[in-house]
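A short write-up of the structure that comes next.
Derivation of every value follows stated rules applied to the coordinates shown; laboratory data play no part. Being a predicted model, the structure only gives us computed values, none of them experimental. When we count neighbours, we look across all protein chains shown, and the Cβ atoms used for this are built from the backbone with ideal geometry, even at glycine.
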Amino acid sequence: MRYQNNFFLVALFVFTLSVIILFPQQSFAHCDGLDGPVVIAAKKALETGNIDLVLIWIQPKDEDTIKEAFDQTLKVRKLGDEARKLADRFFFETLVRIHRAGEGAPYTGLKPAGRDLGPAIPAADKALEVGSAKHLLKLLTDEIHAGLHKRFSAAIALKDFDKNDVKAGQKFVEAYVDFLHYAEGIYEASQKTIHGHESENVELSHHEEEH
């Protein structure tokens, strides 16, 4: 029982480290998709003529470039349906490319809508939508708990190998390295910067946890 409690605390601690980076980043993780938040903002900006809806996605130094692209797009859109489609695509690509550059990430083109983003990003988006991180917390905690437990169990089972048995020792080392790299990878992720700035600590209030 004591082992289980200690293991849960370790898993929860590692989860807390990983969530620091996940929450600020989740909105940007699929920013290059046609159904991502950046392109959605671009569509609304073009429909309403309100460029402020997209300026939030770029750095101040890039505002003039986006304003120029926005004005050009609005002019070309008036020339017909085909021109509008081409102009919109140009603006989407320009905005996403500059947004990605601001993240320090390469631009590899617009990605199709409906692609598989895995479970974490949709869950994070849903958490913000409904105002509760309950299901996201469970998803992440379960995944980290399972990942750590699997690797820890494998390493601990091979720890007391016969020192004269090289093959047994090699199996332990393999499990040991896998276990450490898994834990280290999660910790290092929590230390990375977001958009060139140090990530801010994310605290879940008691009110949030109750929801």
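Tabulated data
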read-out: Extension gain from Gln170 to Arg115, taking 0.36 nm per residue of separation minus the Cα-Cα distance; value: 15.8 nm
read-out: Relative exposure of Ser153, Ser132, judged by other C-beta atoms within 10 Å (fewest first); value: Ser153, Ser132
read-out: Packing rank of 72-78, 102-108, where each peptide gets the mean count of other beta carbons within 10 Å, highest leading; value: 72-78, 102-108
read-out: Cβ-defined net charge surrounding Gln59, 12 Å radius [Lys, Arg +1; Asp, Glu -1]; value: -2
read-out: For segment 67-82, Karplus couplings with θ = phi - 60° (6.51, -1.76, 1.60), whole Hz, Gly/Pro x; value: 4, 5, 5, 5, 4, 4, 5, 4, 5, 5, 4, 6, 7, x, 4, 5
read-out: Most to least packed among 87-95, 46-54 [average Cβ atoms within 10 Å]; value: 87-95, 46-54
read-out: Which of Thr141, Thr65 has the fewest Cβ neighbours within 10 Å, and the rest in rising order; value: Thr65, Thr141
read-out: Cross-link pairs beyond the 27 Å C-alpha cut-off, checked among Lys43/Lys111; Lys43/Lys75; Lys134/Lys171; value: Lys134/Lys171
read-out: Length gained when the stretch Asn50-Glu129 is fully extended (0.36 nm per residue, less Cα-Cα span); value: 26.1 nm
read-out: Compactness index (Cα Rg / 2.2 N^0.38 Å), segment 37-103; value: 1.01
read-out: Footprinting exposure proxy for Asp64, Asp32 (fewest neighbouring C-beta atoms within 10 Å first); value: Asp64, Asp32
read-out: For Gly33, distant residues with modelled amide H under 5 Å away; value: Lys111
